1. Anything in the stretch 144-172 that is under 23 Å from residue 260 (Cβ atoms) and either out of contact with any strand residue (DSSP E or B) (no Cβ under 9 Å at 6 or more places or on another chain) or of a type in the set (A, V, I, L, M) (or both)? List them, or say none.
2. Going through the stretch 78-106 one residue at a time, which ones are part of a loop (DSSP other than H, G, I, E, B) and either out of contact with any strand residue (DSSP E or B) (no Cβ under 9 Å at 6 or more places or on another chain) or within 23 Å of residue 139 (Cα to Cα) (or both)?
3. Test residue 168 against the criterion of being over 26 Å from residue 297 (Cα atoms), in contact with a Lys or Arg (Cβ under 6 Å, 6 or more places away or on another chain) and at pLDDT 70 or above, and give yes or no.
4. Does residue 244 satisfy being in contact (Cβ under 8 Å) with a residue 40 or more places away in the chain and closer than 21 Å to residue 158 by Cβ?
5. I need the full set of residues from the stretch 190-216 which are modelled with pLDDT under 60 and surrounded by 14 or more Cβ atoms within 10 Å (Cβ to Cβ), in order please.
6. Yes or no: residue 122 on the phi > 0 side of the Ramachandran plot and either part of a loop (DSSP other than H, G, I, E, B) or modelled with pLDDT under 95 (or both)?
7. Going through the stretch 49-60 one residue at a time, which ones are part of a strand (DSSP E or B) and out of contact with any Ser or Thr (no Cβ under 7 Å at 6 or more places or on another chain)?
Amino acid sequence: MVCRKVMLPVLVAVFYAAFCGAAPADRSPEADQSQEANQEGQFLRLVRDDDGSPVALEAAIVRFAPADRDRSGPTVDLVSAVHVAEKSYYEELNRLFEKYDVVLYELVAPEGTQIPKGGVEGGGSPVSMLQQGMTEMLELEFQLKGIDYTRQNLVHADMSPEEFAESMRRRGESPFQVFFRMLGYAMARQTQDPAGGGDFRLLLAFFDKNRALAIKRVLAEEFQDLEGSLSAIEGPEGSTLITDRNNVALGVLRKQIAAGKQRLAIFYGAGHMSNFGERLRADFGLKPVSTRWLVAWNLKPTPSP
């Protein structure tokens, strides 16, 4: 019983650790506000049909423009990344990225790292194997394979591995500490379901004839109940994973604006976007003016032939 009760929290924590996502709000199809400002800091949402069944996990593109309407200036789009998603989601992003002067992207890697078109072959590291296993299980595609990073307007805006390790050392953090914070939060949420319904749904999903869809639906349902997951990672003083990496990206943003770029995008995991939004308001004098939603996970069953 104990093993079964922790099955879903462990899977959710593993998924967050591998792909650094964020928790979506819950929305019906009628709630699409694609041309309205994102006032709630909402960057992922779960969309349901009229019967209450989940039909899509959607990621936001939130445009920020000068708060002072009399002041001209650049626009910055926060493009929420879901690191394992439908191939069609990455294809749409590739088309949209053509329209920007510059797209700042996340990747903890040495400066000058080149990501070939189609990504790189998976290595033998535990993270690489975990990511590969998750994409195969969910029948989705990994971001580094789906996004074309060879475009000239895509600019690296993240830490190097050495900077990341030093920031963690300075803060007294470790990857295991971050993982167990997420696991602890997920398990705390699970105690609110004393019957273990989430675990039972997950167990059934593994034996469903459409296993990938069934598991995706269970995970999407659980994500909407994890709004505090990033707070568990961050803590009152912030974190390397979110705060410090965002600082690096915003430093690159300032340089690009100073160089005269007018249409900019920050392409980072959805979990980073709330902090980015706060910083764009406070430090850049920008405000959200519109939101567009893209389907990252299609949760509709495939029609029978």
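The values are calculated or read from the model by the stated rules, or taken from the named source; none is laboratory data. Keep in mind it's a predicted model, so treat the numbers as computed, not measured. Note that each Cβ is placed from the backbone with ideal geometry, even for glycine, and that neighbours are counted across all protein chains shown.
1. 152, 154, 155, 157, listed by residue number.
2. Residues of the stretch 78-106 part of a loop (DSSP other than H, G, I, E, B): 82-83, 86, 98-101, 106.
Residues satisfying the conditions are 82, 83, 86, 98.
3. Details: over 26 Å from residue 297 (Cα atoms): yes; in contact with a Lys or Arg (Cβ under 6 Å, 6 or more places away or on another chain): no; at pLDDT 70 or above: yes.
It is false that residue 168 is over 26 Å from residue 297 (Cα atoms), in contact with a Lys or Arg (Cβ under 6 Å, 6 or more places away or on another chain) and at pLDDT 70 or above.
4. Numbers: in contact (Cβ under 8 Å) with a residue 40 or more places away in the chain: yes; closer than 21 Å to residue 158 by Cβ: yes.
When the stated conditions are applied, residue 244 passes them.
5. 193, 196, 198
6. Working: on the phi > 0 side of the Ramachandran plot: no; either part of a loop (DSSP other than H, G, I, E, B) or modelled with pLDDT under 95 (or both): yes.
No, not satisfied.
7. Our first condition is that a residue be part of a strand (DSSP E or B); within the stretch 49-60, this holds for 54-60.
Scanning the stretch 49-60 gives 54, 55, 56, 57, 58.
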